[in-house]
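Asks: Just passing along the structure, written as structure tokens.
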Amino acid sequence: MALADEGLDRAAVLGELEQLSRRDVAWREGRAFSLAYSAGPDVLALAEEAYARFSGANALNTDAFPSLRTMQADVVDTVAGWLHAPPGAAGFMTSGGTESILLAVLGARERARAERGVTAPSMVLPASAHAAFEKAAHYFGVRSVRVPVREDWRADVDAVADAVDDDTVLVVASAPQYPQGVVDPVAPIAALAAERGISCHVDACMGGVTLPYLERLGERLDPWDFRVEGVTSMSVDLHKYGYTAKGASVLLHRSRELRRFHTFVTDNWLGGVYGSSGLQGTKSGGSIAAAWAVMRHLGDAGYLALTRTARAATLALAEAVPAIDGLVLRARPDTTLVAIGAADPTGLDVFAVADELWRHGWYVDKQGPPASLHCTVNAVHDGRIDEFVAVLERAVAVVRAAASEGGAGAYGTIE
Ligand SMILES: *Cc1c(COP(=O)(O)O)cnc(C)c1O
């Protein structure tokens with residue numbers, strides 16, 4: 001873009017933004033089953049207002065911005081309550097699930113070096129654990145040892161146990177894992193890690209808000225959080241089911257001592273002592289203030305109601321999918337994620353179904369293996385599942401009639 005010689009006025013610029021967003025998925029209207037979340041226009045407006053007010057404030061130094069220190073501590077504390085963290089647990093807000101996971105891996109590597117002298121670090125993770133762990137492996141020189149999942153897509157505890165060795169710095173469980181939406185058996189995985197002094201991260205980026213409220217709504221769940229002794233760290237994304245603005249996740253460690261392994265301090269330059277809580281230097285106050293404001297506004301009752309709504313929409317979709325000729329459910333959803341496959345993969349290309357949905361303005365993830373559609377159902381989909389199911393059914397029929405093949409798609413892109 002060549003800069004205009006004279007800048008445009010505010011109205012013109014906002015008009016251009018409006019124009020640019022025309023082809024974006026209409027997520028506020030519930031057309032996205034991926035990437036974006038909404039608890040309705042009032043909550044969005046509050047998040048935006050809080051974000052705007054603090055967008056220029058910088059949590060790199062909370063001495064200068066004590067407001068952000070307070071808000072961050074409040075948000076972390078609320079999440080600690082959801083996760084049944086013990087007294088003394090310590091964490092930070094980060095920019096998202098990826099940063100939380102990067103820091104958890106870094107912290108585990110540093111801990112193993114300090115406590116066990118590990119110099120060729122590796123981590124053991126089910127095939128289903130999020131791609132962000134691969135990014136951490138790549139960035140921090142930790143070898144990724146993936147082990148297969150069971151038939152029901154949950155982590156295979158025996159396979160994890162067999163893969164752990166003296167170089168293992170971290171084992172991972174997910175609550176739930178992203179691809180098929182099922183919760184791993186956290187307790188036995190954490191136990192085998194604890195036995196050898198290895199860190200255990202539970203990735204609750206998706207489930208960290210939903211699962212506590214599902215328990216309150218009477219769902220029976222195996223223990224998945226800090227109530228499990230060997231769990232050393234957990235990640236929870238507030239920009240997902242916390243329904244706040246993008247750029248908000250929490251990484252929580254069981255203790256302040258464990259948190260110390262991921263923080264960074266240097267004075268080896270001409271600018272004095274420089275410490276930072278995570279990967280970022282400058283850390284926007286916007287996402288912190290938005291998270292704090294939305295939590296204050298929704299309260300416990302708000303999150304309980306939103307969870308009930310999202311769960312009901314999830315179960316409605318999960319029930320409708322197998323009734324559509326040609327589609328199967330990959331697993332009964334443990335939370336709010338629905339993975340859909342073709343009953344006969346040679347007879348139906350589900351990626352072509354996704355393309356057909358997108359032609360009609362509905363966005364779902366393409367994932368695999370095995371080739372599947374992935375729907376992240378949230379409160380915005382309340383009252384919209386019937387319409388989506390009808391569109392999905394038509395899309396399947398169109399693809400079958402034309403025997404079309406879908407284009408490759410991705411959950412994340414690099415352009
Ligand atoms: C979303 C997600 C992540 C990554 O989080 P980002 O906020 O996209 O960086 C990691 N793990 C799970 C299970 C997720 O759902």
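Asks: By its C-alpha gyration tensor, with a ≥ b ≥ c as the square roots of the eigenvalues, how is the range 350-415 shaped: rounded for a/c under 1.5, else prolate for a/b larger than b/c, else oblate?
Replies: Numbers: a/c = 1.93, a/b = 1.10, b/c = 1.75.
Note, shape of the range 350-415 comes out oblate.
Asks: Order by neighbour count: ASP158, ASP344, fewest other Cβ atoms within 10 Å first, most last.
Replies: Numbers: ASP158 12, ASP344 9.
Ordered from fewest to most neighbouring Cβ atoms within 10 Å, ASP158, ASP344 come out as ASP344, ASP158.
Asks: Give, to the nearest whole percent, the P(r) tail of the range 39-148 beyond 21 angstrom, counting all Cα pairs. Don't jump to the answer; show the numbers that get you there.
Replies: Numbers: 3371 of 5995 pairs.
Looking at the range 39-148, the distances longer than 21 Å represent 56 percent of pairs.
Asks: Between the range 300-374 and the range 1-60, how many Å separate their Cα centres?
Replies: With the range 300-374 and the range 1-60 each reduced to a Cα centre, they are spaced 28 Å.
Asks: Report the normalised scattering of the range 263-411 as log10 I(q)/I(0) at q = 0.11 Å⁻¹, calculated by the Debye formula with identical scatterers on the alpha carbons.
Replies: For the range 263-411, the Cα-only Debye profile gives -0.58.
Asks: In addition: Taking Cα pairs under 8 Å and at least six residues apart, what relative contact order does the chain come out at, in percent?
Replies: 21 percent
Asks: I've got another one for you. Tell me the mean residue ellipticity at 222 nm calculated for the chain from its helices only (DSSP H runs of n ≥ 4, each -39500 (n - 2.57), averaged over every residue, nearest 500).
Replies: Numbers: 12 runs with 167 residues, N = 415.
So the helix-based figure for the chain works out to -13000 deg cm²/dmol.
Asks: Can you tell me what percent of all Cα-Cα pairs in the range 298-375 are more than 15 Å apart?
Replies: Across the range 298-375, Cα pairs with separations above 15 Å total 60 percent.
Asks: Mean separation of Cα pairs under 8 Å and 6+ residues apart, divided by the residue count of the range 165-293: what relative contact order is that in percent? Walk me through the numbers before you get to the answer.
Replies: Values: 197 pairs, mean separation 24.7, N = 129.
Taking the mean separation of contacting Cα pairs over the length of the range 165-293, I get 19 percent.
Asks: In nm², what is the average projected area of the convex hull enclosing the Cα atoms of the chain? Write down the numbers at each step before the final one.
Replies: Values: hull surface 90.9 nm².
Averaged projected area of the chain's Cα convex hull equals 22.7 nm².
Asks: Sum up the charges of everything whose Cβ sits under 10 Å from the Cβ of GLY40, counting Lys and Arg as +1 and Asp and Glu as -1, but leave GLY40 out.
Replies: On the way: positive: ARG28; negative: ASP42, ASP382.
Neighbourhood net charge equals -1.
Asks: Quick one: PHE140, PHE264, fewest Cβ neighbours within 10 Å first, how do they rank? Walk me through the numbers on the way to the answer.
Replies: Numbers: PHE140 17, PHE264 12.
Exposure proxy ranking, most exposed first: PHE264, PHE140.
Asks: Most exposed first by the Cβ proxy, i.e. fewest other Cβ within 10 Å, how do MET234, MET71 rank?
Replies: Working: MET234 32, MET71 26.
Ranked by crowding around the Cβ, least crowded first: MET71, MET234.
Asks: Moving on to the next point. Excluding GLU405 itself, what net charge comes from residues whose Cβ is under 11 Å from its Cβ, given Lys and Arg +1 and Asp and Glu -1? Each step should come with its number before you reach the end.
Replies: Details: positive: none; negative: ASP349, ASP355.
The answer is -2.
Asks: Still on this structure, I have one more. On the Cα set of the range 143-191, report Rg and Dmax in Å, please.
Replies: Over the range 143-191's Cα set, Rg and Dmax evaluate to 10.6, 31 Å.
Asks: Dividing the alpha-carbon Rg of the range 260-322 by 2.2 N^0.38 Å yields what? Could the numbers behind the result be given before it?
Replies: Working: Rg = 20.8 Å, N = 63, 2.2 N^0.38 = 10.6 Å.
Its radius of gyration relative to the 2.2 N^0.38 Å reference: 1.96.
Asks: Using all C-alpha to C-alpha distances in the range 101-167, build P(r) with 5 Å bins and read off the rounded percent in each one.
Replies: Going out from 0 Å in 5 Å bins, the range 101-167 shows 4, 18, 26, 23, 19, 8, 2, 0 percent.
Asks: Is the range 213-276 best put as rounded, prolate or oblate by its Cα gyration tensor, with a ≥ b ≥ c the root eigenvalues, rounded for a/c under 1.5, and otherwise prolate when a/b is larger than b/c, oblate when not? Walk me through the numbers on the way to the answer.
Replies: Details: a/c = 5.96, a/b = 1.88, b/c = 3.18.
Since a/c reaches 1.5 but b/c is at least a/b, the shape of the range 213-276 is classed as oblate.
Asks: In straight Cα distance, which lysines are under 19 Å from LYS246, not counting same-chain residues fewer than 8 positions off?
Replies: Hits, sequence-local ones excluded: LYS283.
Asks: Where in the chain are the helices, taken as whole DSSP H runs, whose Cα atoms extend 18 angstrom or more along the long axis and whose Kyte-Doolittle mean reaches at least -0.5?
Replies: Working: long enough: 41-54 (20 Å, 0.28); 66-82 (24 Å, 0.11); 97-116 (27 Å, -0.18); 285-320 (42 Å, 0.58); 385-402 (25 Å, 1.20).
Span-like helices, by this rule, are 41-54, 66-82, 97-116, 285-320, 385-402.
Asks: Two-decimal Rg/Rh of the range 154-250 from alpha-carbon positions, Kirkwood Rh?
Replies: Details: Rg = 13.7 Å, Rh = 13.8 Å.
Answer for the range 154-250: 0.99.
Asks: Hey, another quick one. Once you have a ≥ b ≥ c as the square roots of the Cα gyration tensor eigenvalues for the range 1-99, tell me rounded if a/c is under 1.5, and otherwise prolate or oblate according to whether a/b is larger than b/c.
Replies: oblate
Just so you know, all these numbers are worked out from the coordinates, no wet-lab data involved. Given the structure is predicted, the values throughout are model-derived calculations rather than measurements. Glycine gets a Cβ as well: all are built from the backbone with ideal geometry, and neighbour counts include every protein chain shown.
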